[in-house]
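Notes for the one structure printed next.
The values are calculated or read from the model by the stated rules, or taken from the named source; none is laboratory data. These numbers were taken from a predicted model, which means no experiment stands behind them. Here Cβ is always computed from backbone atoms with ideal geometry, including for glycine, and neighbour counts include all displayed protein chains.
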């Protein structure tokens, strides 16, 4: 399992490259030349969403950007979200149920909830 960044500042090229390579989207981690955080926004008090631009060292069919959704930095809000199993439900949708719904949804490269990391 990839080590999940704790905050947007921790999202770096090796992590994004590993994520895309493990998903089979790019041939290997060397394909990613650079990543740049384009925008970060806090959603209520429960999470932070970051758009990351991805550039490649050679022509590949990888995404030009990815969205990284991380839990709230504040331990109080992270505990509330964990206790309500909100992220667990969302991760379950993207990792298994997404294909069963006839609506367009973004491709999910990683869906992970670490209930021990409160």
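May I ask you to verify whether residue 91 is closer than 23 Å to residue 12 by Cα and in contact with a strand residue (DSSP E or B) (Cβ under 7 Å, 6 or more places away or on another chain)? Against the criterion (closer than 23 Å to residue 12 by Cα and in contact with a strand residue (DSSP E or B) (Cβ under 7 Å, 6 or more places away or on another chain)), residue 91 does not qualify. May I ask you to verify whether residue 106 is surrounded by fewer than 17 Cβ atoms within 10 Å (Cβ to Cβ), closer than 27 Å to residue 9 by Cβ, touching a residue at least 24 places away in the same chain (Cβ under 8 Å) and in contact with a helix residue (DSSP H, G or I) (Cβ under 9 Å, 6 or more places away or on another chain)? So residue 106 passes the test. Scanning segment 84-103 turns up no residue that is under 25 Å from residue 18 (Cβ atoms) and assigned to a strand (DSSP E or B). Looking at segment 16-26, can you tell me whether even one residue there is over 17 Å from residue 113 (Cα atoms), at pLDDT 90 or above, more than 17 Å from the chain's Cα centre (by Cα) and surrounded by 14 or more Cβ atoms within 10 Å (Cβ to Cβ)? The answer is no; no qualifying residue exists. Quick one: how many residues across segment 59-75 are in a loop (DSSP other than H, G, I, E, B), within 19 Å of the chain's Cα centre (by Cα) and surrounded by 14 or more Cβ atoms within 10 Å (Cβ to Cβ)? Of the residues in that region, 4 qualify. Give the residue that is farthest from residue 13 (Cα to Cα), with candidates limited to residues of segment 42-58 that are assigned to a strand (DSSP E or B) and more than 14 Å from the chain's Cα centre (by Cα). Ranking the qualifying residues of segment 42-58, first place goes to 43.
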